[in-house]
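Trainee: I'd like to ask you about the structure that follows.
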Amino acid sequence: DYAWLRRVSYRPDGKVVLRFGKDEVVAEGRNLHRLRDSISEHRARFIQEGTEAEQGLKPEDAAHIEHIVITEGDDDL
């Protein structure tokens, strides 16, 4: 939910980091710099991991997410 989204950052090593309160979502892939803008502007309805087959079908400059890792923060603090 975008209401909980606090910060979106792009790392040149191919990662977009989303912070939802104490929770963190890291999407890793290629050409994700435009994805960061879409998320920041609340235009991306969702993100999802793609398959290797999908990656091979996309143009070289297209965004592709290989992995998404969700880390839940400690609510007891």
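The values are calculated or read from the model by the stated rules, or taken from the named source; none is laboratory data. Just so it is clear, the model here is predicted, and its values are computed rather than measured. Every residue, glycine as well, gets a Cβ built from its backbone with ideal geometry; the counts of neighbours run over all protein chains shown. Surface areas here come from the heavy atoms of the whole protein model, side chains and all, with no ligands, DNA or RNA. Shrake-Rupley method; radii C 1.70, N 1.55, O 1.52, S 1.80 Å.
Trainee: When you look at E60, is it more than 16 Å from D1 (Cβ to Cβ) and either in a strand (DSSP E or B) or among the β-branched types (V, I, T) (or both), yes or no?
Mentor: When the stated conditions are applied, E60 does not pass them.
Trainee: If you don't mind, there's one more thing I want to ask. Please indicate, with yes or no, whether at least one residue in the range 1-9 is open to solvent by less than 80 Å² (accessible area, probe 1.4 Å) and within 10 Å of the chain's Cα centre (by Cα).
Mentor: yes
Trainee: Could you say whether any residue in the range 58-73 is open to solvent by 40 Å² or more (accessible area, probe 1.4 Å), touching a helix residue (DSSP H, G or I) at 6+ places or on another chain (Cβ under 7 Å), among the aliphatic types (A, V, I, L, M) and free of Cβ contacts under 8 Å to residues at least 40 places away in the same chain?
Mentor: Among the residues of the range 58-73, at least one is open to solvent by 40 Å² or more (accessible area, probe 1.4 Å), touching a helix residue (DSSP H, G or I) at 6+ places or on another chain (Cβ under 7 Å), among the aliphatic types (A, V, I, L, M) and free of Cβ contacts under 8 Å to residues at least 40 places away in the same chain, which makes the answer yes.
Trainee: Let me ask another. Report the residue count in the range 18-31 for those that are more than 16 Å from A3 (Cβ to Cβ) and either part of a strand (DSSP E or B) or in contact with a helix residue (DSSP H, G or I) (Cβ under 7 Å, 6 or more places away or on another chain) (or both).
Mentor: 6
Trainee: Could you say which residue among D13, D23 is open to solvent by 70 Å² or more (accessible area, probe 1.4 Å) and within 20 Å of I70 (Cβ to Cβ)?
Mentor: Among D13, D23, only D13 is open to solvent by 70 Å² or more (accessible area, probe 1.4 Å) and within 20 Å of I70 (Cβ to Cβ).
Trainee: For the range 63-76, enumerate the residues that are out of contact with any Leu (no Cβ under 9 Å at 6 or more places or on another chain) and at pLDDT 90 or above.
Mentor: Of everything in the range 63-76, those that are out of contact with any Leu (no Cβ under 9 Å at 6 or more places or on another chain) and at pLDDT 90 or above turn out to be E66, H67, I68, V69, I70, T71, E72.
Trainee: Sticking with this one: Which numbered condition in (1) at pLDDT 95 or above; (2) out of contact with any Lys or Arg (no Cβ under 8 Å at 6 or more places or on another chain) is the only one that V16 fails?
Mentor: (2)
Trainee: Could you please give the count of residues in the range 32-54 that are open to solvent by 50 Å² or more (accessible area, probe 1.4 Å), free of Cβ contacts under 8 Å to residues at least 12 places away in the same chain and either over 16 Å from Y2 (Cα atoms) or touching a helix residue (DSSP H, G or I) at 6+ places or on another chain (Cβ under 9 Å) (or both)?
Mentor: 5
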